[in-house]
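Beneath this line is the structure, given in structure tokens, with notes to follow.
The values are calculated or read from the model by the stated rules, or taken from the named source; none is laboratory data. If you're wondering where the values come from, they're calculated on a predicted model, not measured in any experiment. Cβ placement follows ideal geometry from the backbone for every residue including glycine, while neighbour counts extend to all protein chains displayed.
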């Protein structure tokens, strides 16, 4: 029982960590939405977090005994920060220092509406994981009370 409660808390914590990473990347995208020069050269390219489901870890003794308690349960982790390959935005601004010979400036491929939706989604997912952890904590505390 306690293992299940700790497992649910571990899953909730992993989800919170993944969504925090997602919010950090969205904030970076928003902050660089007008950056036309990067270390790599050229305009900033939007970044995206890539998640992967991973099985909840089991102790060797549990597997050896045939106890597949965490059988289908999975948690999440960040496996990559990928670059969005959508084209840059072309804006005509001959006075811009990064304009080409035709007066076209390549601006980042960051769409503010998309970033705000992503931020809202990450925030809601983070809140859902907090709720899961709080419920697990309440169940654990209630179990301790029953054992007294």
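Inclusion of residue 87 among residues that are closer than 24 Å to residue 27 by Cβ, surrounded by 14 or more Cβ atoms within 10 Å (Cβ to Cβ) and modelled with pLDDT of 95 or more is not warranted.
Just to be sure before I move on: is residue 52 surrounded by fewer than 14 Cβ atoms within 10 Å (Cβ to Cβ), within 13 Å of the chain's Cα centre (by Cα) and either at pLDDT below 95 or farther than 23 Å from residue 130 by Cβ (or both) in the structure I sent? It is true that residue 52 is surrounded by fewer than 14 Cβ atoms within 10 Å (Cβ to Cβ), within 13 Å of the chain's Cα centre (by Cα) and either at pLDDT below 95 or farther than 23 Å from residue 130 by Cβ (or both).
Within the stretch 107-136, being farther than 16 Å from residue 21 by Cβ, crowded, with 17+ Cβ neighbours inside 10 Å and out of contact with any strand residue (DSSP E or B) (no Cβ under 6 Å at 6 or more places or on another chain) holds for 108, 109, 110, 132, 133, 136.
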